[in-house]
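Inspection log for the structure reproduced underneath, given as C-alpha cells.
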Amino acid sequence: MYAQCVRRWARVVILVDSSVWIDLLRDVQTPQTLVLRDLLSRHKAALAQVIYQEILQGAASPERFDKLKRYFSTLPFLEASHPIQTWEAAAEIYMRCRQQGFTPRSPHDCLVARIALEHDALLLHDDKDFEVIAKVEPGLRLFVAV
C-alpha cells in the first residue's frame, strides 16, 4: 500500500513538518519517517522557513546546530507567497480553529498549513493538530502515511 501511495504522488513535492524531521533525526521508525526517507531519495521532500527554525532550535550544541544548518539549507524550501498576507491567513486559520473549540498547540502549525495551501502541496506530518486544522481548512491536503 505504501508503494502505491508514493507512486500516486510521484510528481508532487511534499512539505514535511518538523514533527517528522525530528523523528527522522532521532532515528525513530514511524510510517511517516519511512515515507520521508523515500521522499528524500526521490528529492521530493521540502520544508518551510518556520520548519527549518523548529529543527535548528532543537540542536543540543553549536556543532549540532552547524551540522543541521549545512544539511537542511540544501533542501528545497516552500516560501510564503506574501510577506504579510500569508501570516494574516495563518492567523485566520488559528482563529477559526478556536471558534470551533480547538486551539492549536502551536501557531506555527497554522503557518505551515497556510504555506502548504499556497503551494498546493501535500503535508506529511506526525502531529494531531494538523488533522483538526484540515477539518477547519478543507483545502489542506494531508499525506497519509500507511
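Side notes on the structure shown:
- Only listed residue being of a type outside the set (A, V, I, L, M), without any contact (Cβ under 8 Å) to a residue 60 or more places away in the chain and either out of contact with any strand residue (DSSP E or B) (no Cβ under 7 Å at 6 or more places or on another chain) or over 12 Å from Asp17 (Cα atoms) (or both), chosen from Pro76, Pro83: Pro83
- In a residue-by-residue description of segment 54-69, the property of being of a type in the set (Ser, Thr, Tyr), in a helix (DSSP H, G or I) and modelled with pLDDT of 95 or more applies to no position.
- Considering Ala89, Ala145, Ala113, the condition of being over 24 Å from Pro31 (Cβ atoms) and of a type in the set (A, V, I, L, M, F, W, C) is satisfied by Ala89 alone.
- Summed over segment 99-110, residues that are among the charged types (D, E, K, R) and in a loop (DSSP other than H, G, I, E, B) total 1.
- When each of Ala3, Ala10, Ala45 is tested for being of a type in the set (Gly, Ala, Ser) and either crowded, with 16+ Cβ neighbours inside 10 Å or modelled with pLDDT of 95 or more (or both), the lone residue that passes is Ala45.
- Unique residue being assigned to a helix (DSSP H, G or I), touching an Asp or Glu at 6+ places or on another chain (Cβ under 7 Å) and not β-branched (Val, Ile, Thr) when the list is Ala113, Ala91: Ala113
The values are calculated or read from the model by the stated rules, or taken from the named source; none is laboratory data. What you are looking at is a predicted structure, and each value in this text was computed from that prediction instead of being measured. Here Cβ is always computed from backbone atoms with ideal geometry, including for glycine, and neighbour counts include all displayed protein chains.
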